[in-house]
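What follows is a single structure, written as structure tokens, with notes after it.
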Amino acid sequence: MMQNVSILGCGWLGLPLAKKMVAGTIVVKGSTTSENKLEILRKEGITPFHISLQENEVEGNITQFLAGSDILIIDVPPKAKSGEDFAQKIKTLIPHIDASGIAKVLFVSSTSVYADDNSVVTEETIPNPDTESGRQLVETEKLLQGNSNFKTTILRFGGLIGEDRHPVKHLAGRENLANPDGPVNLIHRDDCIGIVMKIIEREAWGETFNAAFPDHPTREAYYTNKAVEAGLPLPKFAKEGSSHGKVIDSVKIRELLGFTFAAGI
């Protein structure tokens, strides 16, 4: 069956996700905040829209962007450091979703909603964020899942990596790095896309999923190994002080969606 999807935020993850959908049987409308990216979307077979969420208004033709779509995917990260109120932006968007008649929403969130408290984290774990962006994501999740006009699935990704994006590039050659024994919770962009496609295929709406690769090596072991592989200067970790960090459990994705992580980290 032909599906119509609107992707709010065709960035690093949203654009390749849209391309994957277009290659199948999904008709995609995609938004960008950049005028010069509209033609890139058009060339990929995505109907482009120039849309920007603000705290008190949505700039751009949001009505047309949402019209006729079965699913809305919101893939817009909060910019807490800039002082914006991300939850307020989504609050301003919600009446437009209500008016559109869209019944299914997928919100791309983050495992930063959980505290770094050395525990194994499942979807049953109560969010207790350490950061402002994490707090704003929790508030946004509640706004969306609390709306009875549509069913929202929350997808909490670990640290995002891909061919052109890897944290080892920022850590290479640095010294006195903290938290050497803290666990790594990463996920490759290809697996992110695969999970979104599975949610749509399985009609898994009104759910919350954690998504991180099942292996959780220590920061020191992982980033040292990745630096060697990439031929980069080795990062050096501080030996004193205790390490901390949560381990993200993604069993629900494997059991409920039948998803197999394939891209590795």
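None of Glu201, Glu255, Glu229, Glu220 is more than 21 Å from Thr153 (Cα to Cα) and free of Cβ contacts under 8 Å to residues at least 12 places away in the same chain except Glu229.
Just to be sure before I move on: is Glu132 among the charged types (D, E, K, R), at pLDDT below 95 and over 30 Å from Ser69 (Cβ atoms) in the structure I sent? So Glu132 fits the description; yes. Those helices (runs of 4 or more DSSP H) of the stretch 1-81 in which at least 3 residues are touching a residue at least 60 places away in the same chain (Cβ under 8 Å) and either hydrophobic (A, V, I, L, M, F, W, C) or within 28 Å of Gly158 (Cα to Cα) (or both), considering only elements entirely within it, cover 14-23.
Criterion applied to Phe213, Phe261 was being assigned to a loop (DSSP other than H, G, I, E, B), at pLDDT 95 or above and touching a Pro at 6+ places or on another chain (Cβ under 9 Å), and the one residue passing it is Phe261.
Among the candidates Asp85, Asp117, the residue that is of a type in the set (Asp, Glu) and surrounded by 14 or more Cβ atoms within 10 Å (Cβ to Cβ) is uniquely Asp85.
Within the stretch 140-159, if we keep just the residues that are assigned to a strand (DSSP E or B) and in contact with a Lys or Arg (Cβ under 9 Å, 6 or more places away or on another chain), the residue that is farthest from Asp191 (Cα to Cα) turns out to be Lys151.
If you go through the stretch 176-210 and keep only what is at pLDDT 95 or above and acidic (Asp, Glu), you end up with Asp190, Asp191, Glu201, Glu203, Glu207.
In this entry, Leu155 passes the filter for residues that are touching a Cys at 6+ places or on another chain (Cβ under 9 Å), surrounded by 13 or more Cβ atoms within 10 Å (Cβ to Cβ), at pLDDT 95 or above and closer than 30 Å to Val5 by Cβ.
Only one of the numbered conditions (1) more than 24 Å from Lys19 (Cβ to Cβ); (2) within 15 Å of the chain's Cα centre (by Cα); (3) small (Gly, Ala, Ser) is violated by Ala227, and that is (2). Within the stretch 82-110, the set of residues being closer than 16 Å to Glu55 by Cβ, assigned to a loop (DSSP other than H, G, I, E, B) and either touching a residue at least 40 places away in the same chain (Cβ under 8 Å) or within 18 Å of the chain's Cα centre (by Cα) (or both) comprises just one member, Asp85.
So that you can scan it fast, the table gives a plain yes or no per residue for (1) touching an Asp or Glu at 6+ places or on another chain (Cβ under 7 Å); (2) of a type in the set (A, V, I, L, M, F, W, C); (3) crowded, with 16+ Cβ neighbours inside 10 Å:
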residue	(1), (2), (3)
Arg165	no, no, no
Lys169	no, no, no
Glu175	no, no, no
Val184	no, yes, yes
Met197	no, yes, yes
Gly245	yes, no, yes
Ile248	no, yes, yes
Lys252	yes, no, yes
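Across the stretch 216-258, the number of residues qualifying as in a loop (DSSP other than H, G, I, E, B) and either in contact with a Cys (Cβ under 6 Å, 6 or more places away or on another chain) or under 23 Å from Lys104 (Cα atoms) (or both) comes to 3.
The values are calculated or read from the model by the stated rules, or taken from the named source; none is laboratory data. Computed from a predicted model, the values in this text were never measured in an experiment. Glycine gets a Cβ as well: all are built from the backbone with ideal geometry, and neighbour counts include every protein chain shown.
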